[in-house]
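Shown next, in structure tokens, is the structure this report addresses.
The numbers here are math on the coordinates, done by the rules we state, and not lab data. For clarity, every value in this text was computed on a predicted model and none was experimentally measured. Here the Cβ positions follow ideal geometry from the backbone for every residue, glycine too, while neighbour counts run over all protein chains shown.
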Amino acid sequence: MATRKKAKAKTKVQARSKSAAKPVKKSAAKKPASGKPAAKKAAVKSAASKPAAKKPAPQKGVASTLPPPSTKPFGQDGKALDGVRILDFTHVQSGPTCTQLLGYMGADCIKVERPGAGDITRGQLRDVKGADSLYFTMLNGNKRSITIDSKNPKGREILDRLIKHCDVLVENFAPGALDRMGLTWEHIHKTNPRMIVASVKGFGPGPYEDCKVYENVAQCAGGAASTTGFREGPPLVTGAQIGDSGTGLHLAFGIVSALYQRMRTGRGQRVLCAMQDGVLNLARVKLRDQQRLAHGPLTEYSQHGEGVAFGIAVPRAGNDSGGGQPGWILKCKGWETDPDSYTYFITQAPVWGAICDVIGKPEWKTDPDYATPPARLPRLKHIFATIEEWTKTKTKFEVMNECNKHDIPVGPILSMKEIAEDKSLRDTGTVVEVDHPTRGKYLTVGNPVKMSDSITEVKRSPLLGEHTEEILTQVLGYSTEELAEIKASGAITAPDKKQAEAA
Ligand code: COA
């Protein structure tokens, strides 16, 4: 960033937008503008100060600050976030989800880890002895790893240099941990006013702001658990990691927005995503229902049809469909032995006639007790039991095929085994097989966002400290002598190694 600050460009917006918006030539894509090695600074400066080539006249209705439309074929003009460099100080799941997504979009993610230990998840839920766990490998693809002891004075010096060379710092430490390292917002902003500092915390400002939070705590505090499960049972958490991965996703959105705003303002800002807020955002339909309760019962909830009165808060709704189109999970052929032999079945009003024909109840089309959505609401339990008599005669895939012919929305309950083996998910790059030097091949989830001009290449996760020297020399410009000094300082070495070296 320091190099960019000095560069004089034609307009303010052009000057400010360089790191995030300038299309990067393919050959330069791995060396973002934000962190040129010292040796390359002069070249960068002179290139930036050359008079700009004569621009074509702006097209009508197109912002004049944009470059002319690329003439390269779609998918061959770099990636969306080429040129953006991330100081990735994340661990466990929420932060790493965010930075992996940014990496999928082309950002250069430099993951800072504690020497000798690294992200705690490298060793958690290990399935292959001596190899990084799937917990780690599946959340840290498309990143480089550098080990730095942030509490070592030399380590702090390296971190400061990284701050100058990066666009975004992403962290999800416990509240106060970053400050205790000396990396306060004030310090970071002074060191690099363009840096965006993005954090995941459990709670936003308020009574719980100092609390450590994990996934399920967020699901409970964000309103998901109280509205999940069956009315008769306790609150339930869901297997989808809406607290961790969900918040990481929100943070990525915040970071990209902050990068965009920086193109105009030239300065970084703080981006905070509280896991409670992220979960609530995903559970917003339940806050909708809470307000509807003041005006009468929630008629699409099956408890209404069962004659069970509502209390003061939104109840758990089992497998009811949340969108006002009644639905339920129904057994399919083989359910007695296969725990996933089920289908979700939605009685969408426009295709009610087709549903009646498919399940062999054509008389329901005209029967006043069944013909209209309001008439059906009190009878949902009976209706779904009848439909289930039909679904039990078919596999979940046969139900899907049959119903699709008539535009009836249904969905098989897919097991993780079925998803892992699904050809279409492999074909689209949503499930990707990656090779890893110590664990061999493993499956990971690729980029769920598909873009026509930014094609994701999924790369394996880095080994602990795999890129330490590369980053110190090529990104931060340390000389061979300085590198030796850093090594001797213990800033990048595990404590046991330090002791062994001292003995
Ligand atoms: N060098 C030296 N020290 C380092 C380091 C490095 N490279 N990286 C981390 N540390 C230190 C931190 O400075 C901190 O030390 P301190 O407490 O003495 O100041 C320590 O490691 C532990 O960090 P912390 O974040 O407190 O980890 P934890 O294991 O105790 O807590 C969480 C884990 C997830 C509960 C906590 O980080 C948290 O609440 N995060 C925010 C919410 C969140 O993201 N939760 C979901 C996780 S999926």
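Taking segment 148-181 as the range and being in a loop (DSSP other than H, G, I, E, B) and either at positive phi or more than 12 Å from the ligand (Cβ to nearest atom) (or both) as the test, the residues that pass are Cys166, Asp167, Gly176. For Gln100, the criteria (1) surrounded by fewer than 19 Cβ atoms within 10 Å (Cβ to Cβ); (2) away from the ligand (no atom under 12 Å from the Cβ); (3) not acidic (Asp, Glu) hold in every case but one, which is (1). Of the helices (runs of 4 or more DSSP H) lying entirely inside segment 336-443, those containing at least 2 residues that are within 22 Å of Tyr301 (Cβ to Cβ) span 352-358, 373-376, 380-391.
Of all the residues in segment 412-427, those that are surrounded by 14 or more Cβ atoms within 10 Å (Cβ to Cβ) and within 20 Å of the chain's Cα centre (by Cα) number 2. Pairs linking a residue in segment 155-178 that is under 23 Å from Arg267 (Cβ atoms) and among the aliphatic types (A, V, I, L, M) to a residue that is near the ligand (Cβ under 8 Å from one of its atoms) and in a helix (DSSP H, G or I), with Cβ atoms under 6 Å and 6 or more positions apart or on different chains, are Val170/Gly95. If you scan segment 121-147, which residues turn out to be in a loop (DSSP other than H, G, I, E, B) and either β-branched (Val, Ile, Thr) or over 19 Å from Leu102 (Cβ atoms) (or both)? Result: Gln124, Leu125, Arg126, Asp127, Val128, Lys129, Gly130, Ala131, Asp132, Ser133. Screening segment 182-196 for residues that are in a loop (DSSP other than H, G, I, E, B) and within 16 Å of the ligand (Cβ to nearest atom) and picking the one that is surrounded by the most Cβ atoms within 10 Å (Cβ to Cβ) gives Leu183.
Residue by residue through segment 132-151, note down the ones that are over 29 Å from Asn447 (Cβ atoms) and either touching a Pro at 6+ places or on another chain (Cβ under 9 Å) or of a type in the set (A, V, I, L, M, F, W, C) (or both). Listed by number, the list holds a single entry, Asp149. Every condition in (1) within 18 Å of Thr227 (Cβ to Cβ); (2) exposed (fewer than 14 other Cβ atoms within 10 Å of the Cβ) is met by Asp369 except one, and the failing one is (1).
Filtering segment 461-490 down to residues that are assigned to a loop (DSSP other than H, G, I, E, B) and among the aliphatic types (A, V, I, L, M), which residue is farthest from Ala117 (Cα to Cα)? The residue in question is Leu476.
Whenever a residue of segment 82-98 is under 17 Å from Ile148 (Cβ atoms), its partners that are within 8 Å of the ligand (Cβ to nearest atom) and in a strand (DSSP E or B), lying with C-beta atoms within less than 7 angstrom and at least six residues away or across chains, give the pairs Leu87/Val112; Asp88/Val112; Phe89/Val112; Gly95/Val200. Flag not set for Glu209, criterion: within 29 Å of Arg460 (Cβ to Cβ) and either surrounded by 15 or more Cβ atoms within 10 Å (Cβ to Cβ) or within 15 Å of the ligand (Cβ to nearest atom) (or both).
Within the span defined as segment 267-283, every residue fails to be within 16 Å of Pro315 (Cα to Cα), within 15 Å of the ligand (Cβ to nearest atom) and among the polar types (S, T, N, Q). Taken as a whole, the structure places Ser321 among residues that are touching a Ser or Thr at 6+ places or on another chain (Cβ under 9 Å), under 20 Å from Phe384 (Cβ atoms) and crowded, with 18+ Cβ neighbours inside 10 Å. Just so you know, in segment 103-120 the residues that are small (Gly, Ala, Ser) and farther than 15 Å from Ser150 by Cβ include one that is nearest to the ligand (Cβ to nearest atom), and it is Gly103.
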